[in-house]
Every structure is written in C-alpha cells, then in structure tokens.
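Trainee: Before we start, here is the structure in question, set down as structure tokens.
Read the figures in this text as sums done on the coordinates, not as results from a lab. Everything numeric here is computed off the predicted structure, so don't read it as measured data. Using ideal geometry, Cβ is built from the backbone for each residue, glycine included, and neighbour counts are taken over all protein chains shown.
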Amino acid sequence: MRQQELMEMAQNERDRQSKYRCRLLCCASTPCISSGALAVEEALKKAVEAEGLQAEVETVATGCLGPCSRGPLVTVRQQGRSDIIYEGVTPQLASKIIDKHFKGQAAPELEKQAIPEDWPFFAKQTKLVLAESGNVDPEKIDSYLAQNGFTALLHALREMTPEEVCAEMGKSGLRGRGGAGFPTGVKWDMVRKAPGERKYVVANGDEGDPGAYMDRTLMESDPFRVLEGMAIAGYAVGADQGFIYVRGEYPLAAKRLEKAIRQAERKGLLGSRILDSNFNFRIDIRMGAGAFVCGEETALMQSIMGRRGQPVPRPPFPANRGLWGSPTLINNVETFGNITTVISKGATFYASYGTEKSKGAKIFALAGKVNNTGLIEVPIGITLREIVYDIGGGIPGGRPFKAAQTGGPSGGCIPAEYLDVPIDYETLQKLGSIMGSGGLIVMDDQSCMPDVAKFFMEFCMDESCGKCGPCRGGTVQMHRILDKITNGSATMEDLDRLQELCMMVKETSLCGLGQTCPNPIYSTLRYFRDEYEAHIKHHQCPAGVCQFTEKPLKIAVA
C-alpha cells in the first residue's frame, strides 16, 4: 500500500460516515456486553429499520467509554450537535431513543438516563491512549483509518530513522505501563543496539491483578492502535516478528485482535513491504492459560516458546537474550497504546502531560467503595482526592475514605492522610506502594486492613509457580499468620514472625511475584498497625469484618 492509497481509504470512510444524519454508537466492551449491550444494539438496528431510517442513521458497535458500572451505554452523535450519552439502556429504551431523536416524541423515561455533558467523570480525564475508544468500530480497520490510523507508522517509516524513533521515545519521557516504570526509550535503544540476526517484539496482555482490566479494554476497544504501536517498535529496534500474549480469560480481546491482524495484513499495513517500504513485520497471538506469574517477562517468554510458564534468573535480560536466545523487546499493551501519540504529535506534546519524572497519562481501573466505577485515563500527577471524589463521585453513603490499594498484589495501601499527594511513580514508591499496571481499589471505614492483606496474600499463594522455595513456602506461612490474626488466635510473636517472613520472601524470591507480594502487608502494617494490634491484643476488629473464634477452655486434669 502506498501513502496515497492510505489517505484515500481514510477519506472515503470519513465521507461515508458524513452521509448519515446520526450515528448511534453502542458500547460493546465486555462490561457492557455482560449488561446486555448486544441486545440493545440489535434493538436499535430493528428500530431504525422499522422507521425506514437506514439511509440516515447508522448503528455501530464501539469500544469502552469508561463508566462500566452504568452500561449498557449508547452515544447519540448527530451532525452539528453535542453528543448525548445514555446509560443503563435496555432494548425497550432503544426504541425510545429513535422516538425522541427522529420522531420528535417525548420520552420522559429516557431523560433520566442521559449523562450530563459536564459530568466530572469525563471532564477530569485526559485521554491519550483511549482517545478513540468509544469512537471507532474495533472490528473494522476503515473506522480506525478514518481517525488518522496508521499515519504515525507512515511518518516513522518515511520521515524517521530507527535511531530517531528511539530518541523520540526517550524525549517523551514515556515509562513502561506494566508496573516497573522502566524508561521506554532506554529499553528500545538497548534492543536496537543488541547484536543478533533476528529480534522480536512482545506485547504483554496478561494482566492478572484483581480488579484490573486496562489492557483487556484497550485490546477490545482499539486493537489497531496496539498493532500500530508494535509495528513502530519493530521498525525502531529492527524486529520483523511480534507476539501479543493475551490472557486466557480474554476471548473477546483475542477475537478482535485476530480480526484486526488479518485486516491490516490485507491492507498491506502488516506483513511484507509495509506501506511500500522495505520494512517487514508480522504479528501473531499467543494465548495464556490464566497463570498470574506469566505476566512476569521471563515466564511469559517461556510460555510463548511452548515451555512451562516459570520465571528464569536475570541477567541476561530479554533485551540481550530473550525469545529463542534473540534480543526481545517486551512492553505491556498500554505502553504500545501510547506510541502513536508520541510519534504523531511529538515528544514535546506528550511530555507536556504528567510530572517532571513521570510523563503522560495513565489508565486506571477504578473499583471498590466508590460511586463511579470504571476505566479512567488521567494525567500522571493527579491527586488521589481528585480521582476518588471528582471522577469517582465519592464514597457510597457518604462514608469516610480509609485507603486506596494501587498496584494490586504487588502494591500497597495509601491512607486518607495522603489523599492530596500526586499519583506518580516516585511518590507512590515513597508511600510504600507502586503504580503497577493500573488497578485502583477504594476502601471505606468498613474495610479491615489485615483482612485486605490476607486477601492479596491468598491470591499470591495460589498464583505462586512454586519454582523457588521462598515464594512457594513463604506465601503459605504469611497467609497462615494473617489468618490467625483475623480469627483472633494470633500473638504478638506471630506479628514479629510475619515481618521477618516478609523480609525473607522479598529479598530471596526469584521473580517479581515473590519479591513484591509482601507489599500489602508492609503498607498496612505501616499505616494501620493499630488494627493488627487490636485483633491480637483486644480480640477486636475495628471495621467489624472479622469473626473471631472462641478461645478453648482450659480444663485442669487431676
């Protein structure tokens, strides 16, 4: 495909869309589908047909809009007017949308479903990666092309050298969004400079943190964006083969990625001589089997190569010796979602968002005790208070905020006294937590912190691959002590032993799972030690969550 052909296809799709007086955009991501979005989409199509409006109205299945707990969501997009978004749409309400917007009939039952234009959930966000999620049809490449899709890849191939692409990544300040926050430009340049006849690019889509679904949503909602970012990375580091490692529980993401890859290949945007250049790049999908440890890069590579998904010692690092002994670039899906913005709008534009050391925006899965749950993208440096009270709408019932867990099982709890600190990599680390992949669970005063620590330790205990003794045995022992604390049978000696175990597991485990699994314990002990002592010394749970066992009676035997 040549540049002119790409431009013509994009313009043809824009012209086609402009012929419709109205477009009904129905969210078809997993949360909305689980609420009945497919039935709503079908009802909208039937209502349009019944009124003979097919030439004026188009119904489109799109990706995620964000407020997942309020689905199914339908956006009414009319020429010359502001979008109107309806929440909680049912098949019965679908016909009311047609009655109101095309027949001029009153629909009072629909009015209360309309989301206000200035709703803080949307107004406070900065969408860089999710900019077109909810606008494009994730199963049609022309829809992506109409939003200037693949022009960033075209620009990189025609106007930049691989060295310049890596340098632009460095200038942007983009850091890996998988949790560690390693500078993207540095990693790309390491792979580019590494000697090797063949190199690989891997997108890590195996997010397994409880409550996290950022990568799943991006793969479902804008798969072409991920593919374009991977292709740019392949050009930059000198790779001709890419793999997307998709979590086994994400069948819709895998299905849409597969369709996207096939369509891109037919258009000449993946495969051989991309955009009439000498650059060749293929992408294949590899499905995981649900093992949390396969989110760790060395275990992930083992799985891709058909081996058991277990971590291996580093060095050598994947940048020097990865898949089949070749230099391999591994970034998570959200990182690749940022690439097109950096290349098309420039590193300076991207670096204008965020803080001095943490640039851009970050996607979070906002969950827990908060009124507005869902997927959000906010500039790095925003405060926790803004996320919880402005975007999240506060705590249900007006209950007090107690803590927020960031980073999942590898992260920690941030107490109320730090509501106004900026959310960035350095600040979270100082507080005893991490950015992680983007899970953010809000807790109110009814949450018991030792019980929260036990929940995450149980998860890590179950997900440990068992390869190294400290993680395999240490997680079990830590969970047993936490169970004793929450059932009222622990002593202060147990608490001391718990802290010793945390240190041992952290310092001696083979991979990141074991090295970071004590973090929830560390952070809750740091900020909520009084709750642990209340359980042990006074046989009380301040939050009223834990049910204590009765202490056995001591019977003297003559």
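Trainee: Which peptide among 302-312, 257-267 comes first, and what is the full order, when sorted by highest mean count of other Cβ atoms within 10 Å? The partial results should precede the final answer.
Mentor: Details: 302-312: 16.5, 257-267: 18.5.
Packing proxy ranking, top to bottom: 257-267, 302-312.
Trainee: Straight-line reach from residue 100: which lysines have Cα under 20 Å away, leaving out those fewer than 8 places along the same chain?
Mentor: Excluding near neighbours in sequence, the set is 45, 46, 112.
Trainee: How would you rank 26-32, 320-326, highest first, on the average number of other Cβ atoms within 10 Å across their residues? Write down the numbers at each step before the final one.
Mentor: On the way: 26-32: 26.1, 320-326: 17.4.
Per-residue mean Cβ counts within 10 Å order the peptides as 26-32, 320-326.
Trainee: In addition: Can you tell me which of 217-228, 106-117, 39-50 comes out highest on packing, and rank the rest after it, using the mean Cβ neighbours within 10 Å?
Mentor: Values: 217-228: 28.2, 106-117: 12.8, 39-50: 19.0.
Averaged packing, sorted descending, gives the order 217-228, 39-50, 106-117.
Trainee: Once every Cα of segment 273-399 carries one equal point scatterer and solvent is ignored, give the base-10 log of I(q)/I(0) from the Debye formula at q = 0.11, 0.12, 0.14, 0.23 Å⁻¹, two decimals.
Mentor: So the normalised log intensities are -0.65, -0.75, -0.94, -1.21.
Trainee: If the chain between residue 8 and residue 159 were fully stretched, how many nm would it gain, using 0.36 nm times the residue separation less the Cα-Cα distance?
Mentor: Taking 0.36 nm per residue and subtracting the Cα distance, the gain is 52.4 nm.
Trainee: For segment 449-537, what does the alpha-carbon gyration tensor say about shape, rounded, prolate or oblate, given a ≥ b ≥ c as the root eigenvalues, a/c under 1.5 as rounded, and a/b over b/c as prolate? Kindly include the intermediate steps, with their values, before the conclusion.
Mentor: On the way: a/c = 1.93, a/b = 1.83, b/c = 1.05.
Because a/c hits 1.5 or more and a/b exceeds b/c, segment 449-537 counts as prolate.
Trainee: If R₀ is 22 angstrom, what is the calculated FRET efficiency for the pair residue 81 and residue 17, using the beta carbon separation as r and rounding to 0.05?
Mentor: On the way: r = 15 Å, r/R0 = 0.69.
After rounding to 0.05, the efficiency reads 0.90.
Trainee: Would you mind getting me the FRET efficiency between residue 265 and residue 107? Use the beta-carbon distance for r and R0 = 45 Å, nearest 0.05. All intermediate terms of the calculation are to be shown ahead of the outcome.
Mentor: Working: r = 45 Å, r/R0 = 0.99.
Efficiency computed from Cβ-Cβ geometry: 0.50.
Trainee: For residue 307, put the label point 7 Å out on the Cα→Cβ axis and report which residues of segment 274-301 keep their amide N under 20 Å from it.
Mentor: Residues passing the 20 Å test: 286-301.
Trainee: What per residue convex hull volume, in Å³, comes out for segment 210-332 when only alpha-carbon positions are used? Numbers along the way, then the final one.
Mentor: Working: hull volume 12.8 nm³, N = 123.
For segment 210-332, the hull spanned by Cα atoms encloses 104 Å³ per residue.
Trainee: May I pose another question? Quick check: net charge around residue 123, other residues with Cβ under 12 Å of its Cβ, Lys/Arg +1 and Asp/Glu -1? Spell out each step's value before the answer.
Mentor: On the way: positive: 124, 127; negative: 117, 118, 386, 390.
Its environment carries a net charge of -2.
Trainee: Could you give each residue of segment 441-454 its phi-based ³J(HN,Hα) in whole Hz, using Karplus coefficients 6.51, -1.76, 1.60 with θ = phi - 60°, and x for Gly or Pro?
Mentor: Ordered by residue, 3J(HN,Hα) equals 10, 8, 10, 9, 6, 8, 8, 9, 6, x, 5, 4, 4, 5 Hz.
Trainee: Which three extents, in whole angstrom, do the alpha-carbon atoms of the chain cover along their principal axes, largest first?
Mentor: Dimensions of the chain along the principal axes of its Cα atoms: 95, 67, 40 Å.
Trainee: From the C-alpha gyration tensor of segment 246-296, pull out the three semi-axes of the equivalent ellipsoid (sqrt of 5λ each), sorted largest to smallest, in whole Å.
Mentor: 28, 13, 5
Trainee: Next up: Express the Stokes-Einstein translational diffusion coefficient of segment 28-186 in µm² s⁻¹, to the nearest whole number, given a Kirkwood radius over alpha-carbon pairs, 10 °C and a viscosity of 1.306 mPa s. Mind showing how you got there, number by number?
Mentor: Working: Rh = 18.3 Å.
Reported coefficient: 87 µm²/s.
Trainee: Note down the relative contact order for the chain as a percent, whole number, built from C-alpha pairs under 8 angstrom at least six residues apart.
Mentor: Details: 1147 pairs, mean separation 72.6, N = 558.
Contact order relative to length: 13 percent.
Trainee: State, to one decimal in nm², a quarter of the convex hull surface area for the C-alpha atoms of segment 361-444, i.e. the direction-averaged projected area. Provide the component values of the computation, followed by the final result.
Mentor: Numbers: hull surface 17.8 nm².
In nm², the orientation-averaged hull projection of segment 361-444 is 4.5.
Trainee: Exposure proxy check: 247, 282 ranked by fewest other beta carbons within 10 Å? The partial results should precede the final answer.
Mentor: Numbers: 247 25, 282 16.
By the 10 Å Cβ count, ascending: 282, 247.
Trainee: With labels modelled as points extended 7 Å from the Cα through the Cβ direction, what inter-label distance (nm, one decimal) is found for residue 357 paired with residue 99?
Mentor: Label at residue 357, label at residue 99, 5.9 nm between them.
Trainee: Summing -39500 (n - 2.57) over the DSSP H runs of n ≥ 4 in the chain and dividing by its residue number, what mean residue ellipticity at 222 nm do you reach, to the nearest 500 deg cm²/dmol?
Mentor: Values: 22 runs with 236 residues, N = 558.
The per-residue figure over the chain is -12500 deg cm²/dmol.
Trainee: What is the local net charge at residue 325, summed over the other residues whose Cβ is closer than 14 Å to its Cβ (Lys, Arg +1; Asp, Glu -1)?
Mentor: Details: positive: 198, 199, 307, 321; negative: 197.
So the environment of residue 325 carries a net charge of +3.
Trainee: Between residue 46 and residue 399, what is the label-to-label distance in nm when each label sits 7 Å out along the Cα-to-Cβ direction?
Mentor: 4.1 nm
Trainee: Now for a separate question. Roughly how far apart, in whole Å, are the Cα centres of segment 435-451 and segment 1-55?
Mentor: Each part reduced to its Cα centre gives a spacing of 38 Å.
Trainee: Shifting gears a bit: Under unit Cβ charges (Lys, Arg +1; Asp, Glu -1), what dipole magnitude, rounded to 20 debye, does segment 50-111 have relative to its Cα centre? Intermediate values should be presented prior to the final figure.
Mentor: Working: 6 positive and 8 negative charges, 17 e Å.
Approximately 80 debye in magnitude.
Trainee: Further, regarding this structure: With Cβ to Cβ distances under 12 Å as the rule, what net charge do the other residues near residue 403 carry (K, R +1; D, E -1)?
Mentor: Values: positive: 369, 402, 526; negative: 417, 444, 445, 531.
Around residue 403, the charge tally is -1.
Trainee: For segment 454-518 and segment 112-176, what is the centre-to-centre distance using only Cα atoms, to the nearest Å?
Mentor: One Cα centre to the other: 40 Å.
Trainee: Between segment 296-347 and segment 226-265, how far is it from one alpha carbon centroid to the other, in angstrom?
Mentor: 13 Å
Trainee: Calculate the all-directions average of the projected area of segment 20-116's alpha-carbon convex hull, and give it in nm². Don't jump to the answer; show the numbers that get you there.
Mentor: Numbers: hull surface 22.2 nm².
For the Cα atoms of segment 20-116, the hull's average projected area reads 5.5 nm².
Trainee: By counting other Cβ atoms within 10 Å of each Cβ, how are 174, 275 ranked from fewest to most? Spell out each step's value before the answer.
Mentor: Working: 174 26, 275 20.
Going from sparsest to densest Cβ surroundings: 275, 174.
Trainee: Set the Förster distance to 35 Å, then compute FRET efficiency between residue 508 and residue 280 from the Cβ-Cβ distance, nearest 0.05.
Mentor: Using R0 = 35 Å, I get an efficiency of 0.20.
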